[in-house]
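> Once you've had a glance at the structure underneath, I'll fire off some questions.
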Amino acid sequence: MIQKPRGTEDLIEAEVKEFFALEMIIRNIVDLYNFSEIRTPIFESVDLFKRGVGQETDVVSKEMYTFFDKKNRELALRPEGTAPTVRAILENKLYINEKLPLKLFYFASMFRYERPQSGRQRQFNQFGVEVFGPKSSELDAELMCVAVNILNAIGIENHTVHLNCLVNDEQRKKYIIDLKEYLKSFDLCSDCQTRIETNPLRVLDCKVDGDKFVDVKDMKDYLSDEDKQYYDDLKKDLENLGIDYKEDKMLVRGLDYYTGFVFEIKDDKGSTLLGGGRYDKLVNELGNIDLPAAGFAFGMERMILALKNNNISLSPQSSLDAYVIGLSKKAKQFANILLLMLRNAGLKVDVDFMDRSFKSAFKQADKYNAKNIIIIGDNELKENVVVIKNQETKNEKKVKFEDIVKTIIEGK
Ligand code: AMP
């Protein structure tokens, strides 16, 4: 039998409902903040990610699903959502002043060739938020407020916001010289031996050795006066909004484009629930237009996992208003018409299509959590009635055809 590709998942029944419930809560929250949705293609030119995310990042150098189309164009299944969003803004000229600030969100499948494990798939879904236009600490604080708001709304209240600010330009060069000097005394893992040349900041969040670098210098001590002022403003804005944060000098994030504040929200076990930050140069990098930006994203599957670990279910238990059992061919034909009438009245109903025995049809009704069971046999048809059994009160009564809809609605 052909099986699903490694690192992918089938979402079935209750799992889909949980996904949908999470999505609806998020949609309601981003709507309150006046965000609008963007949908970009599942595949893009490989160059978009090479230029937008960075050739040296793991996402681009090791994890992309790339292929050539019939015209020999090199394409990649989307590994992340920020670069495609920026491309779409540029291509659709959404950067004109009247449209700013652009406050966008997306739900999208992402593809990364990673080693599958719990919470890490090769196809996963992200929710992401991106804002473009002003370089505003208030907007950054609002962004983090959206993230915190979502976590609180779904009941994951035990979380910590970790905050850092990346150093830029000349100051970054100075920091990197000192960082490399500091790292000389460590035996770095093979990945970090490459990173130290290509992207030295990333050594700090090495999953193997990260913990060893506790006394590394804080890059915030290298911030330019302007960047320091901005970061101080952001902290004040967060305090004004009642958002607690923990400054974390090791936090650098895995993607190359961040240029200012970065943040992650972790659960009480230290697992990262979401992350993001400011990336003021990416739009210019891809389209020669200065458009400061910031954003965050999280994996929907990871969030569902976090919900499970916290024993939280977002989707209400589903039920039927009525389950119909037809006991003969004629009764089944009548049942079909009855179902139409009930559904037209806005009632959620289903019927036994499997010719089950009376007993197992009742069991099926219980499985569907049916509030009523409607039984139709030839005798009932002759009398123009059906039998309705209310599963809550266990009352059973004969109901005339014309009163069926009313009886089910009243018993709702
Ligand atoms: P990133 O785009 O790498 O900053 O990741 C943002 C979020 O996406 C992470 O915090 C995770 O929740 C989620 N994520 C990243 N990679 C995976 C993966 N392979 N499988 C499932 N979720 C992922």
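> Criterion first (more than 12 Å from the ligand (Cβ to nearest atom), in the same structural domain as residue 272 (by TED's automatic domain parsing) and assigned to a loop (DSSP other than H, G, I, E, B)) does residue 103 satisfy it?
no
This table checks each residue for (1) on the phi > 0 side of the Ramachandran plot; (2) touching a residue at least 60 places away in the same chain (Cβ under 8 Å); (3) not acidic (Asp, Glu).
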| site | (1), (2), (3) |
| --- | --- |
| 133 | yes, yes, yes |
| 166 | no, yes, yes |
| 170 | no, no, no |
| 178 | no, no, no |
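Yes or no, residue by residue, for (1) assigned by TED's automatic domain parsing to the domain that holds residue 119; (2) open to solvent by 60 Å² or more (accessible area, probe 1.4 Å); (3) under 16 Å from residue 408 (Cβ atoms):
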site	(1), (2), (3)
326	no, no, no
335	no, no, yes
339	no, no, yes
344	no, yes, yes
347	no, no, yes
359	no, yes, no
364	no, no, no
371	no, no, yes
389	no, no, yes
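> Please count how many residues of the range 334-364 are in a loop (DSSP other than H, G, I, E, B), within 38 Å of the chain's Cα centre (by Cα) and free of Cβ contacts under 8 Å to residues at least 40 places away in the same chain. Please lay out each step first, then the result.
In the first step, residues of the range 334-364 are kept if they are in a loop (DSSP other than H, G, I, E, B); the result is 345-348, 352-357.
Next, from what is left, pick out any that are within 38 Å of the chain's Cα centre (by Cα): 345-348, 352-354.
Remaining after also requiring free of Cβ contacts under 8 Å to residues at least 40 places away in the same chain: 346, 348, 352-354.
The total comes to 5.
> Just wondering, is there one or more residues in the range 313-321 that are on the phi > 0 side of the Ramachandran plot and polar (S, T, N, Q)?
no
> Can you find a residue that is within 11 Å of the ligand (Cβ to nearest atom) and part of a helix (DSSP H, G or I) anywhere in the range 114-131?
Within the range 114-131, none of the residues are within 11 Å of the ligand (Cβ to nearest atom) and part of a helix (DSSP H, G or I).
> Tell me which strands (runs of 3 or more DSSP E) are completely within the range 222-319 and hold 1 or more residues being modelled with pLDDT under 95 and either open to solvent by 30 Å² or more (accessible area, probe 1.4 Å) or in contact with a helix residue (DSSP H, G or I) (Cβ under 7 Å, 6 or more places away or on another chain) (or both), or say none if there are none.
261-267, 272-278
> So, residue 38, is that one assigned by TED's automatic domain parsing to the domain that holds residue 148, touching a residue at least 24 places away in the same chain (Cβ under 8 Å), aliphatic (A, V, I, L, M) and open to solvent by 30 Å² or more (accessible area, probe 1.4 Å) or not?
no
> Using the structure shown, decide if residue 94 is within 26 Å of residue 35 (Cβ to Cβ) and of a type outside the set (Asp, Glu).
It is true that residue 94 is within 26 Å of residue 35 (Cβ to Cβ) and of a type outside the set (Asp, Glu).
> Can you pull out every residue in the range 198-219 that is touching a Lys or Arg at 6+ places or on another chain (Cβ under 7 Å) and assigned to a helix (DSSP H, G or I)?
200, 202, 203, 219
> Now, a different point. Could you say whether any residue in the range 66-88 is more than 24 Å from residue 285 (Cα to Cα), polar (S, T, N, Q) and outside any helix (DSSP H, G or I)?
Looking through the range 66-88, at least one residue is more than 24 Å from residue 285 (Cα to Cα), polar (S, T, N, Q) and outside any helix (DSSP H, G or I).
The values are calculated or read from the model by the stated rules, or taken from the named source; none is laboratory data. Fair warning: this is a prediction, and the values are worked out from it, not measured in the lab. Note: ideal-geometry Cβ built from the backbone for every residue, glycine included; neighbour counts use all protein chains shown. Side chains included, ligands, DNA and RNA excluded: accessible areas come from the protein's heavy atoms. Shrake-Rupley method; radii C 1.70, N 1.55, O 1.52, S 1.80 Å.
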